[in-house]
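What follows is a single structure, written as structure tokens, with notes after it.
Where a number appears in this text, it was derived from the coordinates with a stated rule and is not lab data. None of these values were measured; they are calculated from a predicted model. Here the Cβ positions follow ideal geometry from the backbone for every residue, glycine too, while neighbour counts run over all protein chains shown.
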Amino acid sequence: MDSYRFSVFAVDFSGHSVGSALNTFLLSTLIKYVHLIPKNPSDYLSALNDTLSKLIPLGQFAAMNFVIINVDANTVTYSSAGNTPPIIGNPSSGNVIVGEASSQPLGIEKSAFYADHEYLFHPGDFFLYSDALIKSPGQDGLPELKNVGLEQWVCQMKPQSGTEQLLQILLDKFYSYTEFPL
């Protein structure tokens with residue numbers, strides 16, 4: 001975005017059909033060729049939503065997190081459309097925050113409201129979101145882990161010397177919990 005801010009996004013379209021693949025291609029094209037320079041994540045999601053709501057068929061939608069990391073101000077600002085809250089933390093201190101809940105998914109109706117959520121975000125901090133972690137069934141056939149279970153896993157971890165080690169511990173725990181193939 002500029003010399004001190006960069007953006008990251010994650011998108012999950014509803015369904016697993018050719019239509020979902022086409023919607024994903026459509027959104028990718030919008031992101032690539034509609035040169036929105038967002039001042040904040042919620043405005044970006046609103047602009048994408050207004051366009052998508054006119055283009056995709058009724059009943060189809062996308063969940064999306066749009067994140068801006070500002071390395072100069074040590075902040076992370078995100079807006080979420082239909083996703084569970086992210087988990088933000090620091091592996092050295094063990095501090096963990098569960099972000100705010102999200103608004104409705106993209107493409108359902110024009111003029112949806114999306115909110116920005118900002119947190120301190122220092123070098124070494126992590127921003128975690130993956131619906132694969134919370135939607136995968138356990139080996140014992142019990143219900144999905146859900147976001148609350150993932151939060152408990154992260155909070156129970158002892159502070160580590162780095163994000164990579166924390167991520168590996170979390171993945172090892174997940175791989176021992178879930179059944180394969182994902």
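Taking the average, over residues, of other Cβ atoms within 10 Å as the packing measure, peptides 164-174, 104-114 rank 104-114, 164-174 from highest down.
Can you put D131, D12 in order of Cβ neighbours within 10 angstrom, beginning with the fewest? Could the numbers behind the result be given before it?
Values: D131 14, D12 18.
Placing the least packed residue first, the sequence is D131, D12.
Positive-end ranking of W153, T29, N83 along the dipole of the chain, with charges on Cβ about the Cα centre, is headed by T29.
Counting neighbouring beta carbons within 10 Å and listing from fewest to most, the residues Y78, Y177 come out as Y177, Y78. Extent along the principal axes, Cα only, for the stretch 5-130: 46, 27, 22 Å, with the longest axis given first.
Here the Gaussian network model covers the chain, with springs between Cα atoms less than 10 Å apart; of S17, S79, S93, S17 fluctuates the most.
Please state the charge dipole magnitude for the chain, taken about the Cα centre, from unit charges on C-beta atoms (+1 on K and R, -1 on D and E), reported in debye and rounded to the nearest 20. Write out the running numbers ahead of the final one.
Numbers: 9 positive and 17 negative charges, 54 e Å.
Here the size comes out at about 260 debye.
Taking a ≥ b ≥ c as the square roots of the eigenvalues of the Cα gyration tensor of the stretch 42-98, is the shape rounded (a/c under 1.5), prolate (a/b larger than b/c) or oblate? Oblate.
Among 24-31, 39-46, the peptide with the highest mean count of other Cβ atoms within 10 Å heads the list, and the full ranking is 39-46, 24-31.
Could you list M64, M1 in order of exposure, starting from the residue whose Cβ has the fewest other Cβ atoms within 10 Å? The partial results should precede the final answer.
On the way: M64 28, M1 11.
Sorted ascending by nearby Cβ count, the order is M1, M64.
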